[in-house]
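The values are calculated or read from the model by the stated rules, or taken from the named source; none is laboratory data. Since we're looking at a predicted model, the values are computed, not measured. When we count neighbours, we look across all protein chains shown, and the Cβ atoms used for this are built from the backbone with ideal geometry, even at glycine.
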Amino acid sequence: MADAIISVRNLHKWYSGVHALKGVTLDFRRGEALGLVGDNGAGKSTLINILSGVHRADQGEIQVEGRPVSIATPRDAMDLGIETIYQYNSMVPTMSIARNLFIGREPTRFSVLGVGILDQKKMASESVRAIANVDLHLRSPDALVGELSGGQRQGVAIARAMHFKSKVMILDEPTNHLSVKETRKVIGFVRGLKEQGVTGVFISHNMHHVFECCDRVVAMARGEIVLDKRIEDTSIDEVHGVL
Amino acid sequence: MRQEKFEALERELKRLFKTYLEKPELAGLILLVLLIVLFQIRSHGVFLNQDNLRGILGILPEAGLVAIGVTILMISGEFDLSVGSVFALMPMTMAILMVHGAPFPLALLAGLLVCAVVGFVNGYITIRFAIPSFITTLGMLFMARSLTVVVSGGFPPLLPADLPTWLFTSFVGPGNMFRMSFLWFAGIAVLTSLMLSRTNFGNWIKATGGFLPAAASMGIPTARVKIVCFMLCSMLSGFAGMLQVLRLGSPLPSIGEGMELQAVASAVIGGASLAGGIGTVMGGIIGTTLIRVIDNGLVLSHVDANWFKFAIGFLTIFAVVANAWMRKRAKAIKMEG
């Protein structure tokens, strides 16, 4: 498909004898917010882990913007513009917001073999801007992430993804354990991705959240895609029916 | 207008207070100052006189360098019990090589290389087989100690007379206050401290120890980061062992026994967290100094020296409890708006 930013073709994955992905073929379209739903063990996490470089597919092909790619590490995924925001493991609580924003991609003043002196001035000013850009109100980029609420942490993770100009943002259960107010904010944010030209992949158990902010819903069960429709062509009941 | 100014000042003070409470080495530093004052009074002013300070500063670098290595490794989320054995193995390697005619610089390089290999093995096995570093390095504690005794043939080799001891153990500075080893120690402390706080590698160490899944998912080569920390820890321990041997003049195969636990105590008193992610080089140094001060101060205050280990044990627990309490207090100070 011409407007696909990521295309996966016939993806297979086995985990010690379990066939977790059974030939998944899917296009993620540019600027689209795609809701990925399914029960635990349906294969959605496996699919996401392969796209974000945590696991490798045993078989199948991935194309990003029409070119076949190999995603071996999380770094490869990030370099391709695919940023994943996990519910729990995307922030280091013992480190400051500014440090967290740049983990693994720290600006350096000069470096030898990839190791160098941090450009702390740049980190401070850019983190203030990055946080302000996602409409987060935090007292200072030096505050420890461990002191933030779940929603604020999610906000910082989103700010990070925006700052590094990701093309595809995968949000893995971003509304879990959030207050109603914070959930609204995350949903509003996913809606706003389109205007920024970013493709959103929104994984959730909560069908209402998916229907509120996505253009298209893809349902998975037992390692296969069982439904792929535009939001306006389906209903929560229909999606529940196939799961 | 004045009211606003006052509020701004109050906010600034609150922020400062919070920042300092969050410093992991604060509890250790306060204890250190209190103890120095106490010993100074109890010893009727002998504690801080030049001769006594010279004695403390003369042996501080040896334990201090080991503590720096252990602290950094602990921040990366791992643990090394083999430092005491490496402390003996490194100078023994050097001594054997020099007895067989190797020049000092070559022997030094070879000794550090042996340490690097030990550190690499510690790290590689820990990560490759996903076992606790407590176990790996406990094994290495025995193996490295045994190797030291075996290569020494049970009898310490004689060191050549023309060693460049001036570069490591001579007294220098105003009033011959410091040994050269102290300058090495200070230099290494500054470098490692800057590495932790000012380089991207330091950021990776803290992230790896702070929360491994996040570090890995952000593309940090966590295995490599940890292995480098293991190697650094071993090399610092070996170097410290060499300093002690040059000071004593003989490579005894038994030096460094029990050092691993004192180094852990130093790191912990200095605020490093066993869980990883938290700690500073300065904290490790403060912890080491505290232990040396107690060792020395008890003697000067005519307290039975057998209380030494009791005091260290008590302090270790106390410092950790105090640190946890202060962190909680700091967290309770909300800075909104």
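A few points about this structure:
- Of the helices (runs of 4 or more DSSP H) lying entirely inside the range B:212-300, the ones with 3 or more residues being of a type in the set (S, T, N, Q), more than 14 Å from every other protein chain (Cβ to nearest Cβ) and crowded, with 22+ Cβ neighbours inside 10 Å are found at B:222-248.
- Taken over the range A:3-28, the residue count meeting the criterion of being at pLDDT 90 or above, farther than 23 Å from A:Arg75 by Cβ and of a type in the set (A, V, I, L, M, F, W, C) is 3.
Residues checked against (1) surrounded by fewer than 20 Cβ atoms within 10 Å (Cβ to Cβ); (2) among the small types (Gly, Ala, Ser); (3) at pLDDT 95 or above:
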residue	(1), (2), (3)
B:Asn49	yes, no, no
B:Gly55	yes, yes, no
B:Gly58	yes, yes, no
B:Phe79	no, no, no
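- Residues located in the range A:45-81, provided they are touching a Ser or Thr at 6+ places or on another chain (Cβ under 6 Å) and closer than 21 Å to A:Arg9 by Cβ: A:Ser52, A:Gly53, A:Gln63, A:Ala77, A:Gly81
- Odd one out for A:Gly31 among (1) modelled with pLDDT under 90; (2) closer than 22 Å to A:Phe189 by Cβ; (3) facing chain B (nearest Cβ under 10 Å): (3)
- Subset of the range B:117-135 (residues that are free of Cβ contacts under 8 Å to residues at least 60 places away in the same chain and over 13 Å from B:Leu81 (Cβ atoms)): B:Val117, B:Val121, B:Ile125, B:Arg128, B:Phe129, B:Ala130, B:Ile131
- When residues in the range A:133-150 are screened for being within 12 Å of A:Leu101 (Cβ to Cβ), under 21 Å from the mean Cα position of the chain (by Cα) and not in a helix (DSSP H, G or I), 2 of them pass.
- Sub-7 Å Cβ pairs linking a first residue in the range A:58-70 that is at positive phi to a second residue that is assigned to a strand (DSSP E or B) and surrounded by 14 or more Cβ atoms within 10 Å (Cβ to Cβ), at least 6 apart or interchain, are A:Gly60/A:Val8; A:Gly60/A:Arg9; A:Gly60/A:Leu11; A:Gly60/A:His12; A:Glu65/A:Ile5, ordered by first then second residue.
- Selected residue (criterion: nearest to A:Gln59 (Cα to Cα)) from residues of the range A:7-25 that are touching a helix residue (DSSP H, G or I) at 6+ places or on another chain (Cβ under 7 Å) and either not in a strand (DSSP E or B) or not charged (D, E, K, R) (or both): A:Leu11
- Matching residues in the range A:101-110 - criterion: being more than 7 Å from every other protein chain (Cβ to nearest Cβ) and touching a strand residue (DSSP E or B) at 6+ places or on another chain (Cβ under 8 Å): A:Pro107, A:Arg109, A:Phe110
- Of all residues in the range B:163-208, those satisfying the criterion of being out of contact with any strand residue (DSSP E or B) (no Cβ under 7 Å at 6 or more places or on another chain) and of a type in the set (Phe, Trp, Tyr) are B:Trp166, B:Phe168, B:Phe182, B:Trp184, B:Phe185, B:Trp204.
- Any helices (runs of 4 or more DSSP H) falling wholly within the range B:1-95 and containing at least 3 residues that are touching a helix residue (DSSP H, G or I) at 6+ places or on another chain (Cβ under 9 Å) and within 25 Å of B:Cys229 (Cβ to Cβ): B:26-42, B:50-75
Here is a yes/no grid of residues against (1) crowded, with 18+ Cβ neighbours inside 10 Å; (2) assigned to a helix (DSSP H, G or I):
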site	(1), (2)
A:Gln152	yes, yes
A:Ala157	yes, yes
A:Ala161	yes, yes
A:Ile170	yes, no
A:Pro174	yes, no
A:Glu182	yes, yes
A:Gly188	no, yes
A:Glu195	no, yes
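- Just so you know, in the range A:40-88 the residues that are out of contact with any strand residue (DSSP E or B) (no Cβ under 7 Å at 6 or more places or on another chain) and of a type in the set (D, E, K, R) include one that is farthest from A:Gly200 (Cα to Cα), and it is A:Arg56.
- Residue match in the range B:146-164 (condition: at pLDDT below 90 and either within 30 Å of A:Ile117 (Cβ to Cβ) or under 24 Å from the mean Cα position of the chain (by Cα) (or both)): no
- Tally of residues being aromatic (Phe, Trp, Tyr) and within 17 Å of A:Leu227 (Cβ to Cβ) across the range A:1-48: 1
- Checking each residue in the range B:122-157 for being part of a helix (DSSP H, G or I) and among the β-branched types (Val, Ile, Thr) picks out B:Ile125, B:Thr126, B:Ile127, B:Ile135, B:Thr136, B:Thr137, B:Thr148, B:Val149, B:Val150, B:Val151.
- Every condition in (1) under 20 Å from A:Val201 (Cβ atoms); (2) more than 9 Å from chain B (Cβ to nearest Cβ) is met by A:Ala98 except one, and the failing one is (1).
- Single residue of A:Leu113, A:Leu118, A:Leu144, A:Leu148 found to be more than 8 Å from chain B (Cβ to nearest Cβ) and either touching a residue at least 40 places away in the same chain (Cβ under 8 Å) or surrounded by 17 or more Cβ atoms within 10 Å (Cβ to Cβ) (or both): A:Leu148
- Of the residues making up the range B:301-337, just one is within 14 Å of chain A (Cβ to nearest Cβ) and under 19 Å from the mean Cα position of the chain (by Cα), namely B:Asn323.
- Residue ranges of strands (runs of 3 or more DSSP E) in the range A:199-241 with at least 2 members of a type in the set (D, E, K, R): A:224-230
- Residue in the range B:178-190 that is away from every other protein chain (no Cβ under 12 Å), farther than 30 Å from A:Leu80 by Cβ, crowded, with 21+ Cβ neighbours inside 10 Å and of a type outside the set (A, V, I, L, M, F, W, C) present: yes
- Only residues that are crowded, with 17+ Cβ neighbours inside 10 Å and either within 17 Å of B:Val228 (Cβ to Cβ) or of a type in the set (D, E, K, R) (or both) were counted across the range A:121-132, and they come to 1.
- Listed by first and then second residue, the pairs with beta-carbon distance under 7 Å, at least 6 apart or on different chains, first residue in the range A:166-191 and under 24 Å from A:Ala77 (Cβ atoms), second of a type in the set (Phe, Trp, Tyr), are A:Val168/A:Phe28; A:Leu171/A:Phe202; A:Asp172/A:Tyr86; A:Val190/A:Phe202.
- Per the conditions (1) modelled with pLDDT under 90; (2) in contact with a Lys or Arg (Cβ under 9 Å, 6 or more places away or on another chain), the sole criterion not satisfied by B:Ala324 is (2).
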